[in-house]
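The values are calculated or read from the model by the stated rules, or taken from the named source; none is laboratory data. What you see is a predicted model, and the numbers here were worked out from it, not measured in a lab. Cβ atoms come from the backbone with ideal geometry, glycine included; neighbour counts cover every protein chain shown. Just so you know, the surface numbers come from the protein's heavy atoms only, side chains and all, with ligands and any DNA or RNA stripped out. Shrake-Rupley method; radii C 1.70, N 1.55, O 1.52, S 1.80 Å.
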Amino acid sequence: MMGNNREFICLSYDLIGNGYFQKLTFVVLIYFSCFAINQVGASIHEYQNQSFFRRSNSFFFHGGSEGLYASKLHVDPDKKPSPEENHLNGKSFIRFESITFRRPKESAEKKNEMQQKTGLVEAIIVEVKDREKIGGSYLHSAAICCTPDLSKEGSCNVGEVIIHQDPNYPYNPQRIQTFFEGKTEETTMLLQTVEINHTGMYYLYFMFCDPELMGTTISGRTVWRNPDGYLPGKMAPLMTYFGLMSLAYLGLGLVWFLWSVQYWKDIIQLQYHITAVIGLGMCEMALWYFEYANFNATGNRPMGITLWAVTFTAVKKTVSRLLLLVVSMGYGVVRPTLGGVILKVLLLGLTYFVFSEALGLVENLGNIDDLTGKARLFLVLPVSLLDACFIIWIFSALSQTLEKLQIRRSMAKFALYRKFTNSLAISVLLSIAWVGYELYFNAADPLSELWQRAWIIPAFWNLLAFVLLVVICSLWAPSNNPTRYAYSEETGDELEVEGISLTSSSVLLAGESANKQLERKERRASNADLFRLGEEVEEDKRE
């Protein structure tokens, strides 16, 4: 904890910087050893012999941060719950389990064997809006720990973190103290639960002020729970959202299936690709719903379901973008095959899948911590660049396809692609606007105080992808006249235009040859007249 906002933010970012690359490496190792591990931590924050960091005149370790809703009373009169269920039902809390502190041996040997309290470590639970109550900000001091001078004023006790208590809210921030005794190297916190009675973003820090404790490590875990389950507050609405999206994809799949059955003899290859995207979307949303439901019930994310959900998301995103690209190139409409460009398309798709899968693993494996939203800004860069490549290529291909259709006078197909182009342009403009809003949201909320609205950001992208899929389904819907947008040899109007050109050319050639023949006849006639005139002149001379 710190005495002012800037130090509080710096402390949070120090945590990200120190653990980001280790976490990325850890995720990759987990992915390849998934058959040996069944679950990963989630709202259960694990600490494994981790060290404290220095800030101002204190030493701290960040124990986690989550949005928590206030406890509520929820009793089912028709069911008699077990004692454990009675304890959890409708409760929001942070529970400390097997938290052990271990100090260096040199530090322990300096203490008196008969002394009971030879070192203090405090657990501080603070709501973000009350962060200024930690440290010396109210006492015009940058210190986080109480100093002898401040102690003389009666404001704090030497060796403790400075907390300015509000008489109206005496339990916020909360401190839990754990002491080392004598020359012992280890001490363990009592198993206890801190109930949350006010909705907010909560931070947990373990801190000590004694420099002789430098090198102390922490092990154990804390369990964070909301009234309705273990899902963090900013993720809780997504479970309902994924359930609704599963039903939406199911409805779209049903309509598309009935269309396909009705016109099954006229199905074209492009419509099979659309069917695959709908199927992937249904599986993706269903897997995320079950993953969140399991997470909410147990506090752990099951490795198997999480990996499948992340993989299906990466596959669906990749296939969707490839579908947009090949449709823009006129596949099945202007050209029967993609030719040599297919290798470039597959290479771009494979690269996008790899980076999208990596981003999904980093975001969804490991401890859930509301600070990861800032680290995501750095992880999303390769995926954003590849998305930009897709967009540029798609609109370039659309431009060429529209030009070909206009030259060939295929007005029905041209109108179809104009609608498709307009829909894509609108979706790109919405995406750019939303990216701007997302950047503003993260920049304006560095401490996740707006956590209750954070779920809208990932939800928007899924909704936009679904709406665009619905547009494609309506434009390329199965019908009894597939030739209106299917590839066919150049016939009809195109041949008619070419026929007119050929006919007119023939007429011109025929006219030119006739004129040349007439000129030759006139030349011959004039030559014959001159010859006769010459003979008559000769005869007159002889006479």
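Details
- Flag for Gly299 being of a type in the set (Gly, Ala, Ser) and in contact with a helix residue (DSSP H, G or I) (Cβ under 9 Å, 6 or more places away or on another chain): no
- Residue in the stretch 162-175 that is acidic (Asp, Glu), assigned by the TED database to the domain that holds Arg102 and in contact with a strand residue (DSSP E or B) (Cβ under 6 Å, 6 or more places away or on another chain) present: no
- Checklist (1) farther than 19 Å from Ser384 by Cβ; (2) out of contact with any strand residue (DSSP E or B) (no Cβ under 8 Å at 6 or more places or on another chain); (3) at pLDDT below 90; (4) open to solvent by 60 Å² or more (accessible area, probe 1.4 Å) applied to Tyr487, failing item: (2)
- Filter result for the condition that a residue is closer than 23 Å to Leu254 by Cβ and either basic (Lys, Arg) or part of a helix (DSSP H, G or I) (or both), over Val326, Val341, Val277: Val277
- Within the stretch 405-450, considering residues that are assigned to a loop (DSSP other than H, G, I, E, B) and acidic (Asp, Glu), the one farthest from Leu464 (Cα to Cα): Glu449
- Scan of the stretch 286-295 for residues that are open to solvent by less than 30 Å² (accessible area, probe 1.4 Å) and either touching a strand residue (DSSP E or B) at 6+ places or on another chain (Cβ under 6 Å) or in contact (Cβ under 8 Å) with a residue 60 or more places away in the chain (or both), ordered by number: Tyr292, Phe295
- Residue among Glu127, Glu113 that is open to solvent by 30 Å² or more (accessible area, probe 1.4 Å) and charged (D, E, K, R): Glu113
- The stretch 169-182, residues that are open to solvent by 60 Å² or more (accessible area, probe 1.4 Å), modelled with pLDDT of 90 or more and not hydrophobic (A, V, I, L, M, F, W, C): Arg175, Gln177, Glu181
- Reported count of residues in the stretch 342-392, each being surrounded by fewer than 16 Cβ atoms within 10 Å (Cβ to Cβ), within 17 Å of the chain's Cα centre (by Cα), of a type outside the set (S, T, N, Q) and modelled with pLDDT of 80 or more, is 4.
- The residues on offer are Val334, Val327, and the sole one that is touching a helix residue (DSSP H, G or I) at 6+ places or on another chain (Cβ under 8 Å), within 30 Å of Ser410 (Cα to Cα), crowded, with 22+ Cβ neighbours inside 10 Å and touching a residue at least 60 places away in the same chain (Cβ under 8 Å) is Val327.
- The set of residues from the stretch 200-225 being open to solvent by 10 Å² or more (accessible area, probe 1.4 Å) and part of a strand (DSSP E or B) comprises Tyr202, Thr217, Ser219, Gly220, Arg221, Arg225.
- Any hit, the stretch 66-81, residues being at pLDDT 85 or above, on the phi < 0 side of the Ramachandran plot, open to solvent by 30 Å² or more (accessible area, probe 1.4 Å) and assigned to a strand (DSSP E or B): no
- Where a residue in the stretch 149-171 is in contact (Cβ under 8 Å) with a residue 60 or more places away in the chain and its partner, wherever it lies, is assigned to a loop (DSSP other than H, G, I, E, B) and of a type outside the set (D, E, K, R), with Cβ under 6 Å and at least six apart: Ile162/Gly135; Ile162/Gly136; Ile162/Cys146; Ile162/Cys156
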